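Below is one structure, written out as structure tokens; comments come after it.
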Amino acid sequence: MSRHFTIAKYQLTLEAGERGLVLPPYKGSTLRGGFGKAFRRISCALKETNCNNCLLRTSCPYAYIFETAPHPGSAALRNYESIPRPFVLEPPLETKTEYKPGEKLAFNLILIGRAINYLPYFIVVFRELGELGIGKMRRKYRLAEIRALGLNNRESQLVYQAEEQLVRNTNLAIHIDHAELLRQKDEDKTLTRLGLNFLTITRIKFEENYVDRIEFHMLIRSLLRRLSSLAYFHHGWELELDFTGLIERAAEVRLVSDGTRWVDWERYSSRQDNKVNMGGLVGMVEYEGCLDEFLPLLRIGELVHVGKGAVFGMGKYEFSDDTIDKPYFYCQ
């Protein structure tokens, strides 16, 4: 069986309605807010209050996207408590809060594995949210356009335009071969130092606590947890890596420069009916050590984010050294 990570990235452009938009500086929670309820209202057939008791759970788009569970009869990860959603809402990095009528706002939607097939549902939901309104005073917007983005955003293809009400097929999904994760060290090219820039709040947990200093082994542990569960729940295969060996070798990589800072942020959780603290780290780090074998993992993490709250766009990072080439992915 061919095993690939498959990731599709889309840029959604919203056009502020006649009353404009008033949004917070960090827009991840606002974009996510109401999204689940609207998705459920559109896709749920039986309107059950609990997906666990629904006879249609295994074929329901809402249950798959928001209440992902192991496939019946599966053994691996059956008791995994924190199953990642197969999408990331990647908000704009701008901190602008007011948008005039007709002014546009763009953000990215990342779909992972089987969730790519559900793109039409995401389109309908974001159109519906535009009618319901978002942000302060629930002001309306129009979903103006969606474009599929290729690797490194170097190519784009039109998916949807409001004027046409038509969804086009595209071929810019990014495929990462599982074999690349087993890539051996290239003796002719040894990477010993790299920098990462954490662009949005990053929450990495180690020994039951959120860390205020991202040691390399903590980053790799978090990536391995996220990628292994994304592979299992949203691609249908298990990540076959030497987890213990990778973590041991990651512990030998040193954090030589730490320019991160802690940022406090709270969001309202409708499930908990309370404000939830979502503070974490942003800023630059540099690592030094034997880094070659970790590059494929880090490249996938660059696409799907790392740590808690990725669905809100948290845990977004990028390589700070543009001289590092990217030979591990291909578009198909």
Answer yes if at least one residue in segment 4-15 is under 19 Å from the mean Cα position of the chain (by Cα) and either of a type in the set (Gly, Ala, Ser) or modelled with pLDDT under 90 (or both), and no otherwise.
yes
For segment 105-119, check the following and say yes or no: at least one residue is outside the structural domain of Ile300 (by TED's automatic domain parsing), on the phi > 0 side of the Ramachandran plot and loosely packed, with under 14 Cβ neighbours inside 10 Å.
no
Could you count how many residues in segment 137-170 are among the polar types (S, T, N, Q), in a loop (DSSP other than H, G, I, E, B) and at pLDDT 90 or above?
2
In segment 188-215, which residues are surrounded by fewer than 16 Cβ atoms within 10 Å (Cβ to Cβ) and in a loop (DSSP other than H, G, I, E, B)?
Asp188, Lys189, Thr190, Thr192, Glu207, Glu208, Asp212, Arg213
Just to be sure before I move on: is Arg249 touching a Pro at 6+ places or on another chain (Cβ under 9 Å) and in a helix (DSSP H, G or I) in the structure I sent?
no
Checking the condition surrounded by fewer than 20 Cβ atoms within 10 Å (Cβ to Cβ), assigned to a loop (DSSP other than H, G, I, E, B) and under 19 Å from the mean Cα position of the chain (by Cα), which residue from Gly283, Gly236 passes?
Gly236
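The values are calculated or read from the model by the stated rules, or taken from the named source; none is laboratory data. Nothing here was measured: the structure is a model prediction, and the numbers come from that model. Neighbour counts run over all protein chains shown; Cβ positions are idealised from the backbone, glycine included.
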